[in-house]
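A short write-up of the structure that comes next.
Just so it is clear, none of the values below were taken in a lab; they were calculated from the coordinates. Worth saying up front: this structure is predicted, and the values here are computed from it rather than measured. Reconstructed Cβ throughout: ideal geometry from the backbone, glycine too, with neighbour counts over all protein chains shown.
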Amino acid sequence: MIKIKWFGHAAFSVNIDGKIFYVDPWIKNPLNPSKEIPEEAPDYIIVTHDHGDHLGETIDIMKKHNKTKLISIYEIASYVAEQIKAEERVIGANIGGPIDLGDGYKVILTVAHHSSGRGNATGTVFGREGKYVYHAGDTGLTYDMKIIGELYKPIVALIPIGGHFTMGPMEAAYATQMINPKYVIPMHYKTFPIIAGSPEEFKKYLDELKVKVELIILKPGEEVKLEV
């Protein structure tokens, strides 16, 4: 079972058979109805890059939940370790092969075309065999997404559609076609006027491309359970 909660923007909680991952936990974003740090303790936080709308409340969450670990590009992991004064609670890595978490769970940092103050921006594939989730991070359209789809076969893809800083709806539809997930959830839109892409536009392009995917549109604070 995969349970996904969207906090708004690019922030998610993803529960894969009891293992809880937070990705880009900007909990206090303008769209999230609750600005409180969740009582739920994630096992891992994955941060795709260090812009404030993605690093978000990572440090506050890790201070509140002292068993939570961070996975990120090496430079971000080092920065967070300094802030929480606990080097053993961060896993610094780089784009490439799997990070083995044990019990069959893995995290892969993937290519993302974007900027970052520390290290490279990334996307991420995480989960375990047959239950991988792909969070694209902030990125433009890249042919690497086809490789990600073929190699890891993610069940669900979390895709930015807002435009300006990331893919827009048309590019996101092409990305979905390349990734070929069973489900797609749009993110990173309407938080600010400048990221104006909409799920309706996204659906239009998915339909035009005849992409066989189940589109799930969440409201901030809403969650969905996927039986896989």
Worksheet item: What aspartates and glutamates sit close enough to LYS64 to cross-link, taking a C-alpha to C-alpha distance under 17 Å and skipping anything fewer than 8 places away on the same chain?
Response: ASP24, GLU36, GLU39, GLU40, ASP43, GLU82, GLU87, GLU88
Worksheet, complete the sentence: Listing SER116, SER72, SER13 by rising number of other beta-carbon atoms within 10 angstrom, fewest first, gives SER13, SER116, SER72
Worksheet item: With each label point set 7 Å from Cα along the Cα-Cβ vector, what nm distance links SER78 and LYS28?
Response: 2.7 nm
Item to complete: Treat the count of other C-beta atoms within 10 Å as a stand-in for reagent exposure and order GLU222, GLU82 from fewest to most.
Response: GLU82, GLU222
Practice prompt. Could you grab the relative contact order for the chain? Cα pairs under 8 Å, six or more apart, rounded to a whole percent.
Written response: 18 percent
Worksheet item: Of all GluC sites (Glu not before Pro) in region 1-72, which ones are in loop regions per DSSP and have a Cβ with at most 14 other Cβ atoms within 10 Å?
Response: GLU36, GLU39, GLU40
Practice prompt. Take the cross-link list LYS106/LYS225; LYS69/LYS182; LYS19/LYS63; LYS153/LYS212 and give me the ones stretching past 25 Å between alpha-carbons.
Written response: LYS69/LYS182
Worksheet item: Taking H as built 1.01 Å from N, whose amide H comes closer than 5 Å to the amide H of ILE20, not counting residues under 5 places away?
Response: ASP43, TYR44
Discussion item. As a footprinting exposure proxy, order ARG128, ARG118 by other Cβ within 10 Å, with the fewest listed first.
Written reply: ARG128, ARG118
Worksheet entry | Share antiparallel - DSSP beta bridges, region 2-226, percent rounded to 5 | 60 percent
Fill in: Computed [θ] at 222 nm, deg cm²/dmol, the chain (DSSP H ≥ 4; -39,500 (n - 2.57); rounded to nearest 500)
-6500 deg cm²/dmol
Practice prompt. With a cut-off of 12 Å, note down the residues of region 208-227 whose backbone N falls inside the zone around a label point 7 Å from the Cα of LYS3 toward its beta carbon.
Written response: 223-226
